[in-house]
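> Got a structure for you, questions after.
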Amino acid sequence: SQYGLSLVGGHVEEMTVDGIRVVGHPEVLQASKRAIEKYETTWRLIEEWLEVPMTPHVIYILNGEHGYLARNTPSQEVLMWDTHYLKSPNETTAVYEAVYYLVNETFLSVEGGTDLHLLEEALRWVLLSEQEDLGSFKKWYSPISTPIQETEILNQFDAYEKQGRLQEVVKFLYQNYAELEKKKEFNIIEALQLYKEDTSL
């Protein structure tokens, strides 16, 4: 593309947005500022809640093909964005991208089935709830059909939410997951039991 040729040809500039270096073609730099502001809200929420560094040091804005190929970097410090990030940035996209980084860790090829799926959904709900009223997690999640194992977990989540503790529980679950050497071994029922034992001491 013309944009890709411009980058290869060295037609790049950089600017700083809230301490973040942004490198790209001059035509897209101003659009990137608005996108970063949307993402910053989510990054800060995660940093305050989960104590995980999320704000990058530098963002490179690439054309679509190059951005897609470089998307899954194992570090949040340097981000490779393609130009689609700039078209209609919103909080929902920012949350889904952040959780994708926190849990999926695609570069490790994690596949965790129901346990990781529920953890991802709980993380998304907490982060989105900080920015808009979603109602209860159980109502927001509500899949078409719920397996028995999921029903048990959802009922526990619902009870904790009514106690005003669900955000604390989800943080505990995430930390339990993050500490595992083999991410596929994450078991949400075992982690919930550990939380019960930990808080009953």
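The values are calculated or read from the model by the stated rules, or taken from the named source; none is laboratory data. A quick note: this is a predicted structure, and the numbers were derived from the prediction, not measured. FYI the Cβ positions are ideal-geometry reconstructions off the backbone, even for glycines, and counts take in every protein chain you see.
> Are any residues in region 47-87 part of a loop (DSSP other than H, G, I, E, B) and either aliphatic (A, V, I, L, M) or modelled with pLDDT under 75 (or both), and if so, which ones? Please lay out each step first, then the result.
We begin by selecting, within region 47-87, every residue part of a loop (DSSP other than H, G, I, E, B); these are 50-57, 63, 70-77, 87.
50, 52, 54, 63, 70, 71, 72, 73, 74, 75, listed by residue number.
> Kindly indicate whether any position in region 110-118 is touching a Pro at 6+ places or on another chain (Cβ under 9 Å) and either modelled with pLDDT of 90 or more or part of a helix (DSSP H, G or I) (or both).
yes
> Quickly run through region 178-201 and pick out the residues that are of a type outside the set (A, V, I, L, M), within 24 Å of the chain's Cα centre (by Cα) and part of a helix (DSSP H, G or I).
Our first condition is that a residue be of a type outside the set (A, V, I, L, M); within region 178-201, this holds for 179, 181-187, 190, 193, 195-200.
Retained after the next criterion (residues that are within 24 Å of the chain's Cα centre (by Cα)): 179, 181-187, 190, 195.
Selection gives 179, 183, 184, 185, 190, 195.
> Pairs only if they're at least six apart or on different chains, beta carbon under 6 angstrom, first in region 19-41 and within 24 Å of residue 99 (Cα to Cα), second part of a helix (DSSP H, G or I); list them, first residue then second.
From residues that are within 24 Å of residue 99 (Cα to Cα), the pairs are 22/32; 31/86; 32/86; 35/85; 35/86; 38/94; 39/94.
> Out of everything in region 130-151 that is loosely packed, with under 13 Cβ neighbours inside 10 Å and outside any loop (DSSP other than H, G, I, E, B), what residue ends up being modelled with the lowest pLDDT?
Our first condition is that a residue be loosely packed, with under 13 Cβ neighbours inside 10 Å; within region 130-151, this holds for 132-133, 135, 139, 142-145, 147-148, 151.
After this cut, where a residue has to be outside any loop (DSSP other than H, G, I, E, B) as well, the list is 139, 148, 151.
Values: 139: 90, 148: 71, 151: 88.
Step by step, filter region 130-151, then rank; the result is 148.
> State the number of residues belonging to region 19-37 that are buried (at least 18 other Cβ atoms within 10 Å of the Cβ) and of a type outside the set (Gly, Ala, Ser). Can you show your working first?
Pass one, region 19-37, residues buried (at least 18 other Cβ atoms within 10 Å of the Cβ): 20, 22, 24-25, 28-29, 32, 35-36.
Remaining after also requiring of a type outside the set (Gly, Ala, Ser): 20, 22, 25, 28-29, 36.
Of the residues in region 19-37, 6 are buried (at least 18 other Cβ atoms within 10 Å of the Cβ) and of a type outside the set (Gly, Ala, Ser).
> Within the bounds of region 182-196, is there any residue that is acidic (Asp, Glu), modelled with pLDDT of 95 or more and either touching a strand residue (DSSP E or B) at 6+ places or on another chain (Cβ under 6 Å) or closer than 21 Å to residue 99 by Cβ (or both)?
In the first step, residues of region 182-196 are kept if they are acidic (Asp, Glu); the result is 185, 190.
Still in the running and modelled with pLDDT of 95 or more: 190.
Of the ones still in play, those that are also either touching a strand residue (DSSP E or B) at 6+ places or on another chain (Cβ under 6 Å) or closer than 21 Å to residue 99 by Cβ (or both) are none.
So far as region 182-196 goes, no, none of its residues is acidic (Asp, Glu), modelled with pLDDT of 95 or more and either touching a strand residue (DSSP E or B) at 6+ places or on another chain (Cβ under 6 Å) or closer than 21 Å to residue 99 by Cβ (or both).
> Now a separate question. Hey, among the residues in region 152-183 that are more than 15 Å from residue 122 (Cα to Cα) and in contact with a Phe, Trp or Tyr (Cβ under 9 Å, 6 or more places away or on another chain), which one's surrounded by the fewest Cβ atoms within 10 Å (Cβ to Cβ)?
Looking at residues that are more than 15 Å from residue 122 (Cα to Cα) and in contact with a Phe, Trp or Tyr (Cβ under 9 Å, 6 or more places away or on another chain), I get 180.
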